[in-house]
Amino acid sequence: MEGRLIVVSNRMPLGGAGSGGLVVALHEALSAEGGVWIGSEEAEVADDEFHRHEEDVPYEKLTFTLDADDHAEYYLGYANSVLWPLCHRRSDLIDYEARFRAGYDRVNRRLAEMLTRILQPDDRLWVHDYHFFPLAAHLRALGVENRIGFFLHIPFPNGSDLLALPDRESFPGWISAYDVVGLQTQRDVATCLEMFRSDVDAEMMLDGAIKHDDRLVELRSFPIGIDVEVMRSAAGEGEGGADTRLKLDARERLLIGVDRLDYSKGLVKRLQAFGVYLDKRPPDAARATLLQIAPPTREDVRAYAEIRDELERLTGAINGRHSEIDWTPIRYIHRQVPREVLATLFRRASVGLVTPLADGMNLVAKEYVASQNPDDPGVLILSRFAGAAEQLDQALIVNPYDTDEMAQAIEQALKMPLEERKMRHESMLAEIEAHDIAWWSSQFLRALEGRDVRNRQRDA
Ligand code: GDG
C-alpha cells in the first residue's frame, strides 16, 4: 500500500508494544503497513519539535510535548472538563474557562504545524478522539490534502449538548475537514447526521456522504472490538487462570463491575441498585457479593473527586446495613488490577454489571463475555446507553437510571437456568468474534482508502 499510516492519539504507550486492545490493534496495523505513531508527552518546556523514541517496533514513535499549562488547559481543561462531560450528556458538569479553549486551540494548531513538516503526499493520517476534533481543520487551512480519518471513541454530542460548546459554530467544519469520520454506533451516526441536516451549509450526497465547506466527509459506524483470544487465554481457559486470591464460600455468588472511576459509568446508581437487591433478597438466597474495581482517573478534575467521595460513602452505608460477621456484600477496590487477574475474576463472576449512563462502546462488556466458560457462562447486565448494547442484545439490557429494574435484573441473572445462559452467551460471543479489534482497524483503514478514491475522482 502506498504512503505511511500516521496515527495520532493523545496517549501512546512508551517502552514496548503496550497492552490493551486498542493499543495492540494500532500496533499491529502500524507494523503491517509501516508508519508513525504520534502521542503526547509531558515536559517542563513545550517545544514544536517531534521527539523520536527509539524502540524495538517496526514503525516510528514520535511525541509532541505538553507543558504544565498545556496539560491544565488542553487536557484537563477543554478535553476533560468541557468535551468529556458534554459528549456524555452531563453539560451540568462542564467547568469552562476561556484559557481552556485557548489551550486546546494552541495545542491543536501547534501539532498541525508540526505535522505539515513531516507529512509526505501519500501519507494517511488516522486521528483518535475528542482531544483532536479540530486537527484536520487546522491541517486543511495549512494546505494539507492528505487523506485524514478520525475515530471518536466517545458518544457523538447531540444538538442540545452542542449548544453548550464554546466552539459550536466551528464544530461542523471541524468534522467535515476529515475524509472519514468513524463513530462507535449507528445511533452516533444518526446524531451526527442530524447535526448536518440542520446546517444550511451541508448537503447530503446520494452515496450517503456529506458535502460541507466544499469537502466530502463519510460518516460510518465502526464498533470497536477486543482481542477475544487474548482475553480468553488470560481468563485461563483450561489452565485455571491467574491466582486472584479470591475465596468465595459455597453459599456466595460473585457480581463484578470494572470501570475507571468516572461519573459516566453509572457507579452510584449501580451500587444503589445492588442495595435495593439486597433489601429485597429472600433470606434463603445465595449471598451475592459485588466486587467493584474502579481505578482512579483524572483526579485533578473536580467532578472526579466528588464522585469518589460519594461512592465511598455509599459503599460504607450499604455494607453497614447488610454485612454479616463473615460476609461483606460490596468489595470496592480503588486501584488498578493486573489484566490477567481481571480476566480470571470475570470468568469467576456469575454476573457482569456494565451500567454506564453514557458510553461510546464499553469494552468491559465484551471482555466479560470473552472471559466466560462457554459450558457455564455468567450473565451480562448491560445498560442501553452503552454503545455495546447495539451489538450485545442477548445481554439483560437495563435502564441504568432505574434502580428497581436493575435490582430485578440481578435477581433474574442469578436465577437464570444454564440453558438460557449458554444460549445468550453463544450469541454474544459469536458477535464479538466476528467484529473483533482487527476487524475494526482493517474496516476503518479500508474506508479511508475508499474515500480518498472518491475525493480524487471528484477533483478530477
Ligand atoms: C473509551 C470510551 C470505548 C479498567 N480497569 C482496569 C483495567 N481496565 C480496562 C478495561 C478496558 C479498559 O480499561 C476500559 O475501556 P472501556 O471501553 O470500558 O472504557 P473507557 O476507558 O471509558 O474507554 C469507551 C473505549 O474508549 C474504546 O473505544 O469503549 O466507550 O469511553 O479494557 O479492562 N485494566 C486493568 N486494570 C484495571 O484495574 N489492567
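How about the range 321-334: which of its residues are away from the ligand (no atom under 16 Å from the Cβ) and among the aromatic types (Phe, Trp, Tyr)?
Trp327
In the range 231-258, what residues are within 26 Å of the chain's Cα centre (by Cα) and modelled with pLDDT of 80 or more?
Residues satisfying the conditions are Met231, Arg232, Ser233, Ala234, Ala235, Gly236, Leu254, Leu255, Ile256, Gly257, Val258.
Pairs only if they're at least six apart or on different chains, beta carbon under 6 angstrom, first in the range 369-391 and closer than 14 Å to Val258 by Cβ, second among the charged types (D, E, K, R) and within 12 Å of the ligand (Cβ to nearest atom); list them, first residue then second.
What qualifies is Ala386/Asp359.
Any chance the range 133-142 includes a residue that's touching a residue at least 12 places away in the same chain (Cβ under 8 Å), more than 16 Å from the ligand (Cβ to nearest atom), touching a Ser or Thr at 6+ places or on another chain (Cβ under 6 Å) and open to solvent by 20 Å² or more (accessible area, probe 1.4 Å)?
Looking for residues that are touching a residue at least 12 places away in the same chain (Cβ under 8 Å), more than 16 Å from the ligand (Cβ to nearest atom), touching a Ser or Thr at 6+ places or on another chain (Cβ under 6 Å) and open to solvent by 20 Å² or more (accessible area, probe 1.4 Å), one finds at least one in the range 133-142, hence yes.
Applying the selection to the range 373-395, what residues are crowded, with 20+ Cβ neighbours inside 10 Å, more than 9 Å from the ligand (Cβ to nearest atom) and not in a loop (DSSP other than H, G, I, E, B)?
Matches in the range 373-395: Val379, Leu380, Ile381, Leu382, Ser383, Ala389.
Sort out which residues of the range 121-138 are farther than 22 Å from Val23 by Cβ and either of a type in the set (A, V, I, L, M, F, W, C) or not assigned by TED's automatic domain parsing to the domain that holds Leu165 (or both), and write them in order of number. It would help to see each step written out before you state the result.
So in the range 121-138, the residues farther than 22 Å from Val23 by Cβ come out as 121-122, 134, 136-138.
Within the range 121-138, Ala136, Ala137 meet the criteria.
Only one residue in Tyr277, Tyr304, Tyr332, Tyr263 is open to solvent by 30 Å² or more (accessible area, probe 1.4 Å) and aromatic (Phe, Trp, Tyr). Which one?
Tyr332
Conditions: (1) surrounded by fewer than 17 Cβ atoms within 10 Å (Cβ to Cβ); (2) under 22 Å from the mean Cα position of the chain (by Cα). Thr185 meets all but one. Number of the miss?
(1)
Yes or no: the range 154-171 includes at least one residue that is assigned to a helix (DSSP H, G or I), under 22 Å from the mean Cα position of the chain (by Cα) and closer than 15 Å to Phe132 by Cα.
Checking the range 154-171: at least one residue is assigned to a helix (DSSP H, G or I), under 22 Å from the mean Cα position of the chain (by Cα) and closer than 15 Å to Phe132 by Cα.
Among Leu206, Leu216, Leu193, which is touching a Leu at 6+ places or on another chain (Cβ under 8 Å) and not assigned by TED's automatic domain parsing to the domain that holds Gly360?
Unique residue meeting the criteria: Leu193.
List, please: which pairs have Cβ atoms under 8 Å, are six or more places apart or on different chains, and start with a residue in the range 410-430 that is assigned to a helix (DSSP H, G or I) and end with one that is open to solvent by 60 Å² or more (accessible area, probe 1.4 Å)?
Glu411/Lys280; Leu414/Arg253; Leu418/Asp376; Arg421/Asp376; Lys422/Asp375
Going through the range 282-320 one residue at a time, which ones are more than 30 Å from His71 (Cα to Cα), away from the ligand (no atom under 16 Å from the Cβ) and in contact (Cβ under 8 Å) with a residue 60 or more places away in the chain?
Ala285, Ala286, Ala288
Filter the range 121-132 for residues that are more than 22 Å from the chain's Cα centre (by Cα) and open to solvent by 10 Å² or more (accessible area, probe 1.4 Å); which is farthest from the ligand (Cβ to nearest atom)?
Only one residue fits best here, namely Pro121.
Within the range 335-362, take every residue that is more than 14 Å from the ligand (Cβ to nearest atom) and not aliphatic (A, V, I, L, M) and give me the one that is least open to solvent (accessible area, probe 1.4 Å).
Taking the range 335-362 first, the residues more than 14 Å from the ligand (Cβ to nearest atom) are 348, 350-351.
With not aliphatic (A, V, I, L, M) added as a condition, the list becomes 348, 350.
Values: Arg348: 99, Ser350: 27 Å².
Here the residue is Ser350.
Does Ser176 count as of a type in the set (Ser, Thr, Tyr), touching a Lys or Arg at 6+ places or on another chain (Cβ under 9 Å), within 16 Å of the ligand (Cβ to nearest atom) and touching a residue at least 12 places away in the same chain (Cβ under 8 Å)?
no
Restricting attention to helices (runs of 4 or more DSSP H) lying wholly within the range 261-372, give those where 1 or more residues are acidic (Asp, Glu) and either outside the structural domain of Val398 (by TED's automatic domain parsing) or under 29 Å from Phe151 (Cβ atoms) (or both).
It comes to 339-348, 363-371.
The values are calculated or read from the model by the stated rules, or taken from the named source; none is laboratory data. The model shown is predicted, which means the values in this text are computed figures rather than measured ones. Ideal geometry is used to build each Cβ from the backbone, glycine not excepted, and the neighbour counts take in all protein chains shown. Only protein heavy atoms, including side chains, enter the accessible area calculation; ligands, DNA and RNA are left aside. Shrake-Rupley method; radii C 1.70, N 1.55, O 1.52, S 1.80 Å.
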